[in-house]
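All remarks here apply to the structure that follows.
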Amino acid sequence: MADRTDNPNLPQWGVAQTAGGSEGLSPRCDWSTLEGDGRLPQSDQSSGFGVDFRTDLQLFADNGVRSLRWTLDWSRLEPSEGRWDPDAVNHVNDVLRAAQDVGIAIWAVLHDGPLPGWFAEDQHGFDDDMALRKTWPRHVDKVADTFGDLVSAWVPILDPYTRALEGNLTATRPPNRHDPEKFLETLRSLHLASADAWRLLRSGEPPVVCCIDTCPVEPAVTSREPDEREVARDRATSVDRYRFGSWMRELNDGVVSIPGLAEIELDGMAGGYDIVGFTYRGAQSLYADGSISPYPLDAPVASDGRSPWTEGLGLTVRRLHEELPNRKFALLGTGLVTPDEDWRAEVLAGSIEQLDAASNDGIALSDAFWESGIDGWTPECGREVPDGLIEPGRNPRASLELIRRRAL
């Protein structure tokens with residue numbers, strides 16, 4: 001594995017911590033109801049980062065971590081409409097300043113899933129035009145004014161396709177619906193919310209980063225019937241159009257284009273965002289009946305149901321570069337939820353190798369983030385299965401050495 005002294009253009013690797021994964025779910029967020037009735041595992045304080053952040057940040061820095069993707073939890077900052085909690089504000093300021101003191105750049109996420117209950121439930125969240133056009137921009141402005149001097153990059157919305165899918169098709173997250181029409185509307189609203197945040201944040205110094213939650217989808221069949229393969233192929237093409245193609249239209253043409261809904265032109269959006277961010281957590285095989293399985297079909301499945309495929313990461317980066325030439329990219333998140341440390345190290349090493357190869361081929365990759373830094377809470381597995389490079393007792397795992405070596 002090359003280090004950045006050999007090629008300073010290689011991406012810099014950091015770690016990522018979600019709001020729930022670092023501090024547990026806020027009791028004022030819309031996911032807390034699911035936690036309370038047992039539909040989500042208990043999060044408690046999760047990794048404990050919220051308590052031990054100074055020690056944890058120093059531990060990150062000592063092991064070569066130079067950047068952290070971290071969520072500024074809206075439901076903690078503004079637990080009730082119009083009232084910011086001064087203790088929560090001070091806490092975020094303390095974390096950001098502590099990171100700055102040890103040389104760690106914070107990539108601040110504004111929305112990674114959970115939302116304040118008053119916004120998601122009372123105002124109907126991003127589905128409501130008033131909440132989308134007034135409440136959300138007000139929050140973005142307030143966060144930028146309060147924390148902008150301590151942030152190195154802004155990520156308005158993490159994984160918008162997944163947010164829309166889980167809330168409106170699989171019904172595994174609020175608002176827990178099985179409604180294809182609402183899925184389309186929510187997906188469009190999240191694109192618009194991200195674009196509104198970009199407009200408000202782009203006047204400041206920190207770059208603004210979009211997030212494309214990529215996942216290669218390959219058609220699969222259970223029989224030799226030609227009609228089955230054609231249906232599976234059409235399904236895969238449709239999913240790719242929603243997940244990937246919508247972003248290509250927006251970034252290249254300045255148009256929010258969700259199949260089945262009217263297109264919306266966004267002034268100045270063509271070429272918008274300073275960095276094209278993306279997440280990658282594996283690929284899927286999609287069958288004619290809509291069911292999914294790993295891709296490749298023999299790929300091992302992690303505890304959260306995902307199947308890492310590092311070669312697919314390389315293919316994804318190259319596809320992004322082909323669609324968006326002359327743009328700068330960042331891998332906002334990839335990881336592995338498993339008790340198998342050898343597998344984690346293998347996947348991390350393979351991911352580093354794939355991004356290094358892309359960078360050596362002239363693709364501009366600034367940063368990459370491994371999920372997570374410290375074992376925390378995930379919606380699928382709670383705190384039962386490791387997902388970090390550092391154990392809960394703050395003992396670094398062998399896989400963290402890969403990050404440390406990269407920083408030399």
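Derived scalar couplings between HN and Hα for segment 169-178 equal 10, 7, 6, 9, 9, x, x, 6, 10, 10 Hz in order, rounded to whole Hz, by the Karplus curve 6.51 cos²θ - 1.76 cosθ + 1.60 (θ = phi - 60°), x for Gly and Pro.
Put in line by how crowded their Cβ is, counting other Cβ atoms within 10 Å and starting with the fewest, Asp128, Asp30, Asp298 read Asp298, Asp128, Asp30.
What is the sum of charges, Lys and Arg at +1 and Asp and Glu at -1, for the other residues whose Cβ falls under 12 Å from the Cβ of Gly167?
-2
Full extension of the chain between Arg241 and Asp253 yields a length gain of 2.8 nm, computed as 0.36 nm times the residue separation minus the alpha carbon distance. Pairwise Cα distances in segment 284-408 exceed 26 Å in 28 percent of cases.
Using only side-chain charges placed at the Cβ, +1 for Lys and Arg and -1 for Asp and Glu, the dipole size of segment 297-408 relative to its Cα centre rounds to 480 debye.
Farthest toward the positive end of the dipole of the chain, out of Ser32, Gly388, Leu96, is the Cα of Leu96, where the dipole comes from beta carbon charges about the Cα centre.
Report summary: the helix-based calculation at 222 nm, which adds -39500 (n - 2.57) for every DSSP H run with n ≥ 4 and divides by the residues of the chain, gives -11500 deg cm²/dmol. Peptides 314-321, 228-235 ranked from most to least packed by the mean count of surrounding Cβ atoms within 10 Å: 314-321, 228-235.
As a proxy for reagent exposure, ranking Met269, Met248, Met130 by other Cβ atoms within 10 Å from fewest up yields Met130, Met248, Met269.
The charge dipole of the chain, taken about its Cα centre with unit charges on the Cβ of Lys, Arg, Asp and Glu (plus for the first two, minus for the last two), comes to roughly 600 debye. Convex hull of alpha carbon positions in segment 12-407: directionally averaged projected area 18.3 nm². Beta bridges assigned by DSSP with both partners in the chain are antiparallel in approximately 20 percent of cases. In straight-distance terms, cross-link reach from Lys328 covers every one of the aspartates and glutamates whose alpha-carbon lies under 17 Å from its own, apart from those fewer than eight places away in the same chain; here that gives Glu205, Asp213, Glu250, Asp274, Asp356, Asp361, Asp367.
Between Arg54 and Ser80, how high is the FRET efficiency from 1/(1 + (r/R0)^6) when r is the Cβ-Cβ distance and R₀ = 22 Å? Nearest 0.05.
The computed FRET efficiency comes out at 0.15.
For Leu324, Leu402, the sequence from fewest to most other C-beta atoms within 10 Å is Leu324, Leu402.
Straight-line reach from Lys142: taking Cα to Cα under 27 Å and skipping same-chain neighbours fewer than 8 places apart, the lysines in range are Lys134. Highest average first, the peptides 211-217, 116-122 ordered by how many other beta carbon atoms sit within 10 Å of their residues are 211-217, 116-122.
Taking θ as phi - 60° and the Karplus parameters 6.51, -1.76 and 1.60, the scalar couplings of segment 260-277 work out to x, 10, 5, 6, 10, 7, 10, 4, x, 6, 4, x, x, 6, 6, 9, 8, x Hz in sequence order, x denoting glycine and proline. Taking 0.36 nm per residue of sequence separation and subtracting the Cα-Cα distance, how much length would be gained by fully extending the chain between Arg233 and Ala98, in nm to one decimal? Taking 0.36 nm per residue and subtracting the Cα distance, the gain is 43.6 nm.
Of all beta bridges DSSP finds with both residues in segment 271-408, what is the antiparallel percent, to the nearest 5? The antiparallel fraction comes to roughly 40 percent. Take the Cα of Asp340, step 7 Å toward its Cβ, do the same at Asp298, and the gap between the two points is 1.4 nm.
Where a number appears in this text, it was derived from the coordinates with a stated rule and is not lab data. Keep in mind that what you see is a predicted model, and the values were worked out from it rather than measured. Cβ atoms come from the backbone with ideal geometry, glycine included; neighbour counts cover every protein chain shown.
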